[in-house]
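J.: Input: one structure, supplied below.
Nothing in this text is a laboratory measurement; each read-out follows from the coordinates by a stated rule. Just so it is clear, the model here is predicted, and its values are computed rather than measured. Glycine gets a Cβ as well: all are built from the backbone with ideal geometry, and neighbour counts include every protein chain shown.
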Amino acid sequence: MSSPILPAEGLPGLPSTTPATNISVAAGAFIAELDAGAGTPSVEAARGGPPPEVLDQILAADELAQQLRESGYQLRFFPSSDGRRTRIELQDTGGSLVSVLTPAQAVAIAEPAE
């Protein structure tokens, strides 16, 4: 099956080579940044990407995930086979189940403390 989406060429900051090479270079740089523990990831939008408020929400979600990891926990989301409900689990960083959360409980965890 082929994708109707064609790869982008000539992205800013990437060498002008074949699209597959551009993707490999970008993926390699991203992985290197993660491996280096470069702190807060940067999000760069090009060609009509997400609006700034969505990028802010992505960064806020990353900060929350970091706080959870520092506390020894992580949230995991599992879609149901029928696609109607998502199972939300609070796990320790080893992947062991601590609790199954309701959507309201997951939102409560994500709300900023006042």
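J.: How would Thr102, Thr93 line up from fewest to most surrounding beta-carbon atoms within 10 angstrom?
T.: Ascending Cβ contact count within 10 Å gives the list Thr102, Thr93.
J.: Trypsin sites (Lys or Arg not before Pro) within region 56-110: which are DSSP loop residues with at most 11 other Cβ atoms inside 10 Å? If you can, show how the numbers build up before the last one.
T.: On the way: sites: Arg69, Arg76, Arg84, Arg85, Arg87; in loops: Arg84, Arg85.
Answer in residue order: Arg84, Arg85.
J.: Provide the per-residue ³J(HN,Hα) series for region 51-56, in order, calculated from phi with Karplus coefficients 6.51, -1.76, 1.60 and θ = phi - 60°, each as a whole number of Hz, with x at glycine and proline positions.
T.: x, x, 5, 5, 4, 4
J.: Which whole-Hz couplings ³J(HN,Hα) result when phi for each residue of region 88-100 is put into the Karplus expression 6.51 cos²θ - 1.76 cosθ + 1.60, θ = phi - 60°, listed in order with x for Gly and Pro?
T.: After applying 6.51 cos²θ - 1.76 cosθ + 1.60, I find 10, 10, 9, 10, 7, 5, x, x, 7, 5, 9, 6, 8 Hz.
J.: Which far-off residues, 5 or more places away or on another chain, put their amide H under 5 Å from the one on Leu101, with H placed in the peptide plane?
T.: Residues meeting the amide H criterion: Ile88, Glu89, Leu90.
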